[in-house]
Amino acid sequence: MACAGCSTVGPDGKPAGCKSNGYCSTSGCNKLGVFDWLTGVPLPGGQQAFDGVEVRFKNTRKAFYRNTSGLQLMPGDLVAVDAAPGHDIGMVSLTGELVRAQMERKRVTGETYELRKVLRVASQEDIDRWHVARKQEDDTMFASRRMVADARLDMKVTDVEFQGDGTKTTIYYTAEDRIDFRGIVRTMSDRFKVRVEMKQIGSRQEAGRIGGIGSCGRELCCSTWLTDFRSVTTSAARYQQLALNPQKLAGQCGKLKCCLNYELDMYIEAIKSYPSQNAKLKTQQGTGVHMKTDIFTGKMWYGFKQPGGPFIMAGFPIDVVRDVLAQNKAGVEPEVDLNMVDEVEEKVKTPDYENVVGQDDLTRFDSKNKSGKKRGRGGRDRGDRPKGASQQGARPEGAQARDRGPRPERGPRPEGDRGPRPERGPRPEGQGPRPDRGPRPEGQQGRRPERAPRPEGQGGDRGPRPEGQGPRPEGDRGGRRSRGRGRGRGGDRPQGGGGESAPPNPPAA
């Protein structure tokens, strides 16, 4: 239940930041948390513990109370404190001697008898009533904004906080001028049935109560750890040589960023040791007017306007500037090199990674057709054959015989010219596409030599057929049958690339 009073609680009642299910032992999700570095340090003999405690309420509101009953309180305990009227519920954020130091820091009187009292440790009934009151804050804030808009008041309702017993509500608003809200307070009291108190806050306090993310990417300083708001002026930006751009120098609250004051003291201390920025450099190249100072590189930049020449901006080390000013006091105008100081030293980058295996090439996955294959008719791969080569040749090594099944019966061809071969139909199912034949061996791509006619009766025995090819059809010639270039493609035989077609063989006897 420790995170119930935190504004970062989610809709399910659990904290949205630390995810500790609402039982933070260190109050890590609280705003403006203070580290008690005196925890465990015993007090000197005979000295009593300081009876003041620091109690935190919703968002960044904190107050000091007096522990008159001598309760054993630890940071994170929920207590019921005295309020006007009734009582309020808060969380103990600090106890012991560190409370005295916080009171002195915030200029609160060190006498605890002027403080309100801690009534008791909150009971479960007090906590349940406090939770019921906290659930009404969002609806009350939206209703208050509508009522302010209807009344046409120049004010902005930013936050609503209910008292622990639910008898009083505090409405925080921002406005540029003073607002007469007496009429709207009576209207809100009749509407919400509680006592209403209006409290005006500044833009910085509004950002601290609501919270947010700054331009640096972290949570706002005013809502996490910054407890006081120091005035920030434009002189802080001028000391740090920043461009006076309101859009970049303003924070979420619309005012100048509080972080402009963080390094201001260091810049002021460093600039004290530099030559005056109002002094001008009188040289033979012209009079230099101060433009900016870079305390990190130890240079001062001056602008030179030569008669009839362009404007030149050059940076000089501090020793050179002091030397030139000393010579000017003596009435001497030295000569300086304006081009040399503008040169930028090139830094040699040592590669920490090298592509030694070529795996970073963007085109390493692109397919490259190095074999020179062509696509035949019907999208079928014709094999690795050079252009113009004959399609008849020996089968490459390792190639297996094609299993074409039983050949269809063909009648005897007429004597003389056999004419074009008939078109072959599609292959039967299950046989798949015809395999590639591969390239022909070298030396056999030209015109085939003419064969002498075979004598009758000397067709020759072709031997047994391989397995899977079936018997030879009737009428098959005994001699070796030549394969034409148009085999398997249908139509007339095309003319080969190696020369004229071979003469037809005579019919077998």
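With 10 angstrom as the radius, rank Cys222, Cys253, Cys216, Cys259 by how many other C-beta atoms surround their C-beta, starting from the fewest.
Final ranking by Cβ density, sparse to dense: Cys216, Cys259, Cys253, Cys222.
In the neighborhood of Arg116, defined by Cβ-to-Cβ distances under 11 Å, what is the net charge if each Lys or Arg adds +1 and each Asp or Glu adds -1? Intermediate values should be presented prior to the final figure.
Numbers: positive: Arg66, Lys117; negative: Asp82, Asp88, Glu114.
It works out to a net charge of -1.
Arrange His290, His131 by Cβ neighbour counts within 10 Å, fewest through most, would you?
Values: His290 17, His131 14.
Result, fewest neighbours first: His131, His290.
Once you put a point 7 Å from the Cα of Glu269 and another 7 Å from the Cα of Arg186, both along the Cβ direction, what distance in nm separates them?
6.0
With unit charges on the beta carbons (Lys and Arg positive, Asp and Glu negative) and the dipole taken about the Cα centre of the range 52-122, which residue among Ala63, Val79, Val53 sits farthest to the positive side?
Result: Ala63, furthest along the dipole toward the positive end.
Taking θ = phi - 60°, what integer Hz values does the Karplus form 6.51 cos²θ - 1.76 cosθ + 1.60 yield along the range 61-73, in sequence order, with x for Gly and Pro?
Running phi through 6.51 cos²θ - 1.76 cosθ + 1.60 with θ = phi - 60° gives 7, 9, 8, 9, 9, 10, 8, 7, 7, x, 6, 7, 9 Hz.
Which entries in Lys31/Lys168; Lys135/Lys257; Lys257/Lys282 show an alpha-carbon gap greater than 31 Å? Provide the component values of the computation, followed by the final result.
Numbers: Lys31/Lys168 23 Å; Lys135/Lys257 33 Å; Lys257/Lys282 39 Å.
Correct reply: Lys135/Lys257; Lys257/Lys282.
Which ³J(HN,Hα) values in Hz, rounded to whole numbers, follow from the phi angles of the range 114-120 under the Karplus curve 6.51 cos²θ - 1.76 cosθ + 1.60, where θ = phi - 60° and Gly and Pro get x?
Karplus values, whole Hz, x for Gly and Pro: 8, 8, 6, 9, 8, 6, 6.
If you stretched the chain out fully between Glu114 and Leu38, how much longer would it get, using 0.36 nm times the residue separation minus the C-alpha to C-alpha distance?
Result: 24.9 nm gained on full extension.
If neighbour count is taken as other Cβ atoms inside 10 Å, put Val55, Val289 in order from fewest to most. Walk me through the numbers before you get to the answer.
Numbers: Val55 23, Val289 16.
The fewest-first ordering by Cβ neighbours comes to Val289, Val55.
Quick note: the coordinates plus some simple rules give every number you see, no bench work behind them. Computed from a predicted structure; not experimentally measured. Glycine also receives a Cβ, built like all others from the backbone with ideal geometry; neighbour counts cover every protein chain displayed.
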